[in-house]
Every structure is written in C-alpha cells, then in structure tokens.
1. Regarding segment 104-111, can at least one residue be identified that is assigned to a helix (DSSP H, G or I), touching a residue at least 60 places away in the same chain (Cβ under 8 Å) and buried (at least 19 other Cβ atoms within 10 Å of the Cβ)?
2. Go through segment 189-220 residue by residue and tally those that are in contact with a Cys (Cβ under 7 Å, 6 or more places away or on another chain) and either surrounded by fewer than 17 Cβ atoms within 10 Å (Cβ to Cβ) or farther than 16 Å from Ala156 by Cα (or both).
3. If you go through segment 142-155 one residue at a time, do you hit one that is without any contact (Cβ under 8 Å) to a residue 12 or more places away in the chain and more than 18 Å from Asn50 (Cα to Cα)?
4. Can you pull out the residues in segment 170-188 that are at pLDDT 90 or above and either more than 23 Å from the chain's Cα centre (by Cα) or loosely packed, with under 15 Cβ neighbours inside 10 Å (or both)?
5. Check segment 137-146 and report whether any residue there is in a strand (DSSP E or B), touching a strand residue (DSSP E or B) at 6+ places or on another chain (Cβ under 9 Å), of a type outside the set (Gly, Ala, Ser) and modelled with pLDDT of 95 or more.
6. Quick one: in segment 156-169, which of the residues that are in contact (Cβ under 8 Å) with a residue 24 or more places away in the chain and among the hydrophobic types (A, V, I, L, M, F, W, C) is surrounded by the fewest Cβ atoms within 10 Å (Cβ to Cβ)?
7. For residues that are part of a loop (DSSP other than H, G, I, E, B) and out of contact with any helix residue (DSSP H, G or I) (no Cβ under 9 Å at 6 or more places or on another chain), scanning just segment 45-67, find the one that is modelled with the highest pLDDT.
8. Return a yes/no flag: does segment 107-126 have any residue that is at pLDDT 80 or above and of a type in the set (Val, Ile, Thr).
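The values are calculated or read from the model by the stated rules, or taken from the named source; none is laboratory data. Keep in mind that this is a model prediction, so the values were computed, not measured. Cβ sites come from the backbone with ideal geometry, for glycine too, and all protein chains shown count toward neighbours.
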Amino acid sequence: MKKKALLLTLTLSVASIFLLLCGCGAKSSTINVNYAPLYLKIASKSSMPNAEKINLYAENFSDMRGNIGNNVIGEAKTGTFDKKTPILIDDGVIDLSSRTLRQAFSNQGFNMVKDENSADLVFKGRINRFWVQEILSSSAFSGSGQSEAEVAFDVALIDRVHAKTIWFDVKACLIKSGKAIDTTTQNEIAINEAFSKVITSIIHDEALRMAIRDFIKSKK
C-alpha cells in the first residue's frame, strides 16, 4: 500500500509540473508594453519655424491591420515550451498613435485644435503595421533568438479650405534586436524604437516642412 501511495503521489507531482510548464488549465497570459520613454524622446526634438501660425487638426488614426484586436501589438514566446503569448497595450494602437502624433506636433509649436472646422490643415493617418514578434534561432540547442518589430503608417496633410492634399507619404521602420537568451525582454525596446522612429520621421520630413512653409506663404 505504501508503494502504491508513493507511486500515486509521484505521478500526480509529475503531472502537475507538466501542466504548469505547458500553461494548461490556466488563462492565457499576456505581456503589457510601456511607452513612457517614447514621449520623452519626441519631446526633446526642436520646434518647426512658424508652426504657431497653423491651426492643425489631427484625426484619429485608422487601424488597417486586419483581423487584429486594437490592443494587440505582437506575440511573445514564453515558458519552457515557448507558449504563444499576446503582447498588449492598454490604450490600443489607435489611441496611442493619435495621441503621440498630436503631442509631437504640439511640441513642434503647432496650435492643435479639437474642431476640424476651425483648422487650417488636417492630418490623417492609417496604421498598416504595428507588430512585434520573436524569431527563435533555428538551432534547437542555441536557446537564443531576437525580437523583430515593424511599424508602418500611411500619412497625409490636407489643406482643409481648398480641400486638397499638400503632402502624403508612407512611413515605416523595421527593428531587429540583437540575439539573446531571453528574447521576450527585448520586445518592448524593439517596438518602442520602431514607433518612435516613425513618428520622428513624420515630424522631421523635409517635404512636409516645405508644404507647410508654402501654405503659410499662401496665407499672407
């Protein structure tokens, strides 16, 4: 009887450990991303000359990524068996992209307005790609991999009074982290950097600045 009881206890213990490692019998875990460093990086950029003369309205971005939840921005591989784990942000990509872009324009000196009818220019954006994933090494014994993050936006600036587009571009950035054993920790850094570079590339686009300068001249 003692041997049977010991065998049963051992069997249950092994089964419990296996279920724990596989993540069975529990809700899917998630990983949240923090964007606090991003705002500081954008806020440090220099302002655009004569931007205060422009009343700018920025629409909410459109999420064109397909059948993906607004707050889902990637997939990590966690645990001993590399379980697929969603990477989430609380506010969602629409709110994050729209809010960050408005703040970036405000930091450049633009007069941001909340009513489109009172705007000189209207900024529009579409989110085509906003995703981070882990690429594991092809060698099963290397135990390493890297994070790959990609952000891609279609963006346009509209002359509201004359109802015409004065600037349009596609802004994209692909970031690949260095290889590491714990790849999951690099996801936040990679997607943060990709997003930051896309926002910065919009604000400092020379064609955009030229279009705004020409618009200011046309108002005189």
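1. yes
2. 2
3. Pass one, segment 142-155, residues without any contact (Cβ under 8 Å) to a residue 12 or more places away in the chain: 142.
Narrowing further to those that are more than 18 Å from Asn50 (Cα to Cα): 142.
Yes, that holds for at least one residue.
4. Residues of segment 170-188 that are at pLDDT 90 or above, as a first pass: 170-176.
Passing the criteria: Val170, Leu174, Lys176.
5. Just the residues of segment 137-146 that are in a strand (DSSP E or B), to begin with: 145-146.
Next cut, touching a strand residue (DSSP E or B) at 6+ places or on another chain (Cβ under 9 Å) only: 145-146.
Remaining after also requiring of a type outside the set (Gly, Ala, Ser): 146.
Next, from what is left, pick out any that are modelled with pLDDT of 95 or more: none.
No, segment 137-146 has no match at all.
6. Quick first cut of segment 156-169, residues in contact (Cβ under 8 Å) with a residue 24 or more places away in the chain only: 156-161, 166-167, 169.
Filter again for among the hydrophobic types (A, V, I, L, M, F, W, C), leaving 156-158, 161, 166-167.
On the way: Ala156: 15, Leu157: 22, Ile158: 21, Val161: 12, Ile166: 18, Trp167: 21.
Among residues in segment 156-169 that are in contact (Cβ under 8 Å) with a residue 24 or more places away in the chain and among the hydrophobic types (A, V, I, L, M, F, W, C), the one surrounded by the fewest Cβ atoms within 10 Å (Cβ to Cβ) is Val161.
7. First pass over segment 45-67, keeping only residues part of a loop (DSSP other than H, G, I, E, B): 45-50, 54, 59-61, 64-67.
With out of contact with any helix residue (DSSP H, G or I) (no Cβ under 9 Å at 6 or more places or on another chain) added as a condition, the list becomes 46, 64, 66-67.
Details: Ser46: 61, Met64: 96, Gly66: 92, Asn67: 88.
Ranking the qualifying residues of segment 45-67, first place goes to Met64.
8. As a first pass, look at segment 107-126 and keep what is at pLDDT 80 or above: 107-126.
Those left that are additionally of a type in the set (Val, Ile, Thr): 113, 122.
Among the residues of segment 107-126, at least one is at pLDDT 80 or above and of a type in the set (Val, Ile, Thr), which makes the answer yes.
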